[in-house]
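Presented below is the structure to which this report refers.
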Amino acid sequence: MNKIDKLLEELCPEGIDFVKLGEVCEILDSKRKPVAKDRRTSGIYPYYGANGIQDYVDDYIFDGTFILLGEDGSVINADKSPVLNWAVGKIWVNNHAHILAEIPSIANLRYLYFVLQTKDVSSIVRGTPPKLNQENLRNIEIPVPPLSIQEEIVRILDHFTELTASLQAELQARQKQYEYYRDKLLTFTKIGGGRKA
């Protein structure tokens, strides 16, 4: 029996509760401020939209750790999960991304990030362009085990995330090394005019 199973058996003998997302995190959408591209002043702070960083600006409206979840436009991945960004530090967010913040006594934000990566939101994304409205967002059901179990899950998944990043970097380095030696070994110069085939 692994550590998670032991914790589940000890802390959740009756099973895990499923709770609406709006009950386990703060949704800070009312604090978002869109700024048209021609009105932005270039700077060092990331300016986020539905699918990630759109620009860098000279000011910020949020400072902390957040999950940004696409609201309209690019809001759903090919596997039907929501478009998510993990944002840390001073940032600006426009009105195309929902902003989720942690309620520490209830749910670990990183845990919610991992859980949301597994949720199929295709049935609640509507319209053209696609939109995941706040009401539907708040009603996504999330399994919420005790914090100690959430923290152990995050520890394990963060470890695998680090290993994956390390392996990807190693693969890229090996690909560059392969290309270098391939090109070096297969580049021949003609000496004395060479021979014709």
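The values are calculated or read from the model by the stated rules, or taken from the named source; none is laboratory data. Values in this document were obtained by computation on a predicted structure and should not be read as measured data. Remember, those area values only see protein heavy atoms, side chains included, never the ligands or the DNA or RNA. Shrake-Rupley method; radii C 1.70, N 1.55, O 1.52, S 1.80 Å.
See the values below:
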read-out: The chain: most fluctuating residue of Y48, Y113, Y56 per GNM, C-alpha cutoff 10 Å; value: Y56
read-out: Over 24 Å [Cα-Cα, the chain], rounded percent; value: 55 percent
read-out: Accessible area expressed per residue, the stretch 1-127, with surrounding protein chains retained (probe 1.4 Å, Å²); value: 54 Å²
read-out: The stretch 88-197 - Kirkwood radius from inverse mean 1/r over Cα pairs (Å); value: 19.2 Å
read-out: Dimensions (Å) - the stretch 2-112, Cα atoms, principal axes, largest first; value: 57, 29, 25
read-out: Ellipticity estimate at 222 nm from DSSP helix runs (n ≥ 4, -39,500 (n - 2.57)) divided over the chain, nearest 500; value: -10500 deg cm²/dmol
read-out: Carbon/sulfur fraction of accessible area - the chain, other protein chains in place, 1.4 Å, %; value: 52 percent
read-out: The stretch 116-157-the stretch 61-113 distance, computed between alpha-carbon centres (Å); value: 10 Å
